[in-house]
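*Asks:* Structure in structure tokens, see below.
The values are calculated or read from the model by the stated rules, or taken from the named source; none is laboratory data. Treat the numbers as computed from the prediction; the structure is a model and nothing was measured. Methodologically, a virtual Cβ is constructed for each residue, glycine included, from the backbone with ideal geometry; neighbour enumeration extends over all protein chains shown.
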Amino acid sequence: MDRGKCDRKKNSNVDIVAVLETQIDDLSPQVFGYLFDLLLDVGALDVFTQSAMMKKSRPGVLLTVICQVDKIEACEEIIFRETTTLGIRQSIQKRSILDREVKIVDTQYGKIRVKIATQGKGENTTIINVHPEYEDCIAIARQFNQPLTTIQKIVLDAFFID
């Protein structure tokens, strides 16, 4: 399958998400790591920032939070409490998603989780992406004093051999 093209008929998994955005130009950058953790803990699906040039040519940050619609209030409460923003934009969007599952792969260093993204159903299922669980790989890399990329390659090799 050509990953550059998406057959909309095969990818029938669509859900609805909220996208919350605000620009911030007067907050210590140290706060953002803490903010990310709080938002993810209450159920945000993704949190990210982008550099932005604000009015009066001030550097700032565009904060974006993607969450389920029922998590808007919890996420906004945290953003208002933990940042200096005075307003948050909301948009409701459709999101196409792949089916996902987690499998455990046995390696010479132990068991490591692998996330598998697929498209299609039954005999027409196509694996789109296989990715070793980052946190598992980091723990193994530290424990055995190995490069992270080496551990990730070992996991992928073990997955595709099985």
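*Asks:* Can you find even one residue in the range 102-115 that is farther than 30 Å from ILE151 by Cα and of a type outside the set (Ser, Thr, Tyr)?
*Replies:* Residues of the range 102-115 that are farther than 30 Å from ILE151 by Cα, as a first pass: none.
No, the conditions are met nowhere in the range 102-115.
*Asks:* Restricting to the range 145-155, and then to whatever is without any contact (Cβ under 8 Å) to a residue 40 or more places away in the chain and not in a loop (DSSP other than H, G, I, E, B), can you tell me which residue is nearest to LYS115 (Cα to Cα)? Walk me through how you get there before you give the answer.
*Replies:* Going through the range 145-155, the residues without any contact (Cβ under 8 Å) to a residue 40 or more places away in the chain turn out to be 145-150, 152-153.
Okay, now just the ones that are also not in a loop (DSSP other than H, G, I, E, B), so 148-150, 152-153.
Working: LEU148: 17, THR149: 16, THR150: 18, GLN152: 12, LYS153: 14 Å.
Checking each candidate, the answer is GLN152.
This table checks each residue for (1) in the same structural domain as VAL42 (by TED's automatic domain parsing); (2) aromatic (Phe, Trp, Tyr); (3) in contact (Cβ under 8 Å) with a residue 60 or more places away in the chain.
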residue: ARG58; (1), (2), (3): yes, no, no
residue: LEU63; (1), (2), (3): yes, no, no
residue: GLU76; (1), (2), (3): yes, no, no
residue: ARG89; (1), (2), (3): yes, no, yes
residue: ILE104; (1), (2), (3): no, no, no
residue: THR107; (1), (2), (3): no, no, no
residue: LYS111; (1), (2), (3): no, no, no
residue: ILE127; (1), (2), (3): no, no, no
residue: VAL130; (1), (2), (3): no, no, no
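*Asks:* On the basis of being in the same structural domain as LEU20 (by TED's automatic domain parsing) and modelled with pLDDT of 95 or more, does PHE144 make the cut?
*Replies:* On the way: in the same structural domain as LEU20 (by TED's automatic domain parsing): no; modelled with pLDDT of 95 or more: yes.
Considered against the rule, which asks whether it is in the same structural domain as LEU20 (by TED's automatic domain parsing) and modelled with pLDDT of 95 or more, PHE144 comes out as no.
*Asks:* Residues to consider are ASP41, ASP26; find the one that is of a type outside the set (Gly, Ala, Ser), within 15 Å of GLU77 (Cβ to Cβ) and surrounded by fewer than 12 Cβ atoms within 10 Å (Cβ to Cβ). Even if it seems obvious, please write down each step before you answer.
*Replies:* Details: ASP26 fails: within 15 Å of GLU77 (Cβ to Cβ).
Exactly one residue qualifies, and that residue is ASP41.
*Asks:* Okay, moving on. Taking the range 85-138 only, how many residues are in contact with a helix residue (DSSP H, G or I) (Cβ under 9 Å, 6 or more places away or on another chain) and among the polar types (S, T, N, Q)?
*Replies:* Qualifying residue count for the region: 4.
*Asks:* Checking the condition basic (Lys, Arg) and within 22 Å of ILE16 (Cα to Cα), which residue from LYS111, LYS121, LYS56 passes?
*Replies:* Going through LYS111, LYS121, LYS56 in turn, the sole match is LYS121.
*Asks:* Check off (1) without any contact (Cβ under 8 Å) to a residue 40 or more places away in the chain; (2) over 19 Å from the mean Cα position of the chain (by Cα) for GLY120 and give me the number that stays unchecked.
*Replies:* (1)
*Asks:* Can you pull out the residues in the range 21-45 that are in a strand (DSSP E or B) and closer than 14 Å to GLU82 by Cα?
*Replies:* Kept after step one, since they are in a strand (DSSP E or B), are these residues of the range 21-45: 21-24.
Those that are in a strand (DSSP E or B) and closer than 14 Å to GLU82 by Cα: THR22, GLN23, ILE24.
*Asks:* Next question, about the same structure. Select from the range 130-152 the residues that are surrounded by 15 or more Cβ atoms within 10 Å (Cβ to Cβ) and of a type in the set (D, E, K, R) and write down the one among them that is nearest to GLU101 (Cα to Cα).
*Replies:* GLU133
*Asks:* Would you please name the residue that is farthest from the chain's Cα centre (by Cα), looking only at residues in the range 123-144 that are polar (S, T, N, Q) and not in a helix (DSSP H, G or I)? First the steps, then the outcome.
*Replies:* Taking the range 123-144 as the starting set, the residues that turn out to be polar (S, T, N, Q) are 124-126, 129, 143.
Keeping just the survivors that are not in a helix (DSSP H, G or I) gives 125-126, 129.
Values: THR125: 23, THR126: 21, ASN129: 14 Å.
This residue is THR125.
*Asks:* Looking at the range 46-117, what strands (runs of 3 or more DSSP E) fall wholly within it and have at least 2 residues that are surrounded by 15 or more Cβ atoms within 10 Å (Cβ to Cβ)? Give the steps one after another, and end with the answer.
*Replies:* Numbers: elements: 46-53, 59-67, 89-96, 99-107.
Where strands (runs of 3 or more DSSP E) fall fully within the range 46-117 and carry at least 2 residues being surrounded by 15 or more Cβ atoms within 10 Å (Cβ to Cβ), they are 46-53, 59-67, 99-107.
Condition check ((1) of a type in the set (Asp, Glu); (2) out of contact with any strand residue (DSSP E or B) (no Cβ under 8 Å at 6 or more places or on another chain); (3) at positive phi) across all residues:
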position	(1), (2), (3)
ARG81	no, yes, no
ARG89	no, no, no
LYS94	no, no, no
ASP106	yes, yes, no
GLY122	no, yes, yes
THR150	no, yes, no
